[in-house]
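Notes follow the structure.
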Amino acid sequence: MAEPTGEGFRPAADDQPRPDAEGAARPEDPAVAEVRERAQRAIADADNARKRAERTAAERVTAERQRVAAAWLPVLDNLDLALRHAGADPEAIVQGVAQVRDQAADILARLGFGPVGAVGEPFDPARHEAAEAVEEPGVPAGTIVRVIRPGYGGETLLLRPAVVAVARAGRGGAHDGSGGSDADRGSDGG
């Protein structure tokens, strides 16, 4: 039986040509030799396919990292420009920083990670962190009333949850009848 090695198959001792009665080596059966050769080729092909897949995956990761980094270069350029003009009109600086912030948010959105958490949305513990529960007259319990720190994510992947303040039921026990939410029961902010 052939034994696998790091470089293919090595014939086992019982696979070696055996001497006949006169001491001359018998040639290996051609069918056995063909099977051995096919097995060695299949192992080599599988190893080459694995190496090719690893190389392709590494190239894709590198290309994606390069694409994402390149998307952020204009933001860096604009921040450098703002720093060079820091002594200029403060109102113009604020306006420029706001434009750079919008540019950064646009890049995240193009990468599939838009903002998460908006005032008026129902609280969702999978996408929001409740930092505060506050009484807000006229606002149903479990509704976001203030975004403390925006979150970012896509349909299936969340980069960061939004940190929010959530309306809770008034002290009189009145609420919207929905049975409350996690925010109604309190939150440790994490």
Next item on the list: Output ³J(HN,Hα) for the stretch 86-93: one whole-Hz value per residue in order, computed from phi by the Karplus curve 6.51 cos²θ - 1.76 cosθ + 1.60 with θ = phi - 60°, and x for Gly and Pro.
Entry: 4, x, 6, 3, x, 5, 5, 5
Notebook entry, point to check: Between Gly151 and residues 5 or more places away or on another chain, which pairs have amide H atoms under 5 Å apart, with H built 1.01 Å from N, and which residues are they?
Noted result: Val116, Ala162, Val163
Check: Karplus couplings for the stretch 118-125 from phi (6.51 cos²θ - 1.76 cosθ + 1.60, θ = phi - 60°), rounded to Hz, Gly and Pro as x?
Finding: 9, 4, x, 6, x, 5, 10, x
Item checked: Kirkwood Rh in Å, taken over all unlike Cα pairs in the stretch 45-136 -> 17.6 Å
Note to self: Can you list residues from other chains, or at least 5 along the same chain, whose modelled amide H is less than 5 Å from the amide H of Ala141?
What the structure shows: Asp176
Notebook entry, point to check: Can you list the HN-Hα couplings for the stretch 68-74, worked out from phi with the Karplus curve (6.51, -1.76, 1.60; θ = phi - 60°), rounded to whole Hz and with x for Gly and Pro?
Noted result: 5, 4, 5, 5, 8, 4, x
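All of the numbers you see were taken from the coordinates with simple rules; none came from a lab. All figures in this text were calculated on a predicted structure; none of them were measured in a lab.
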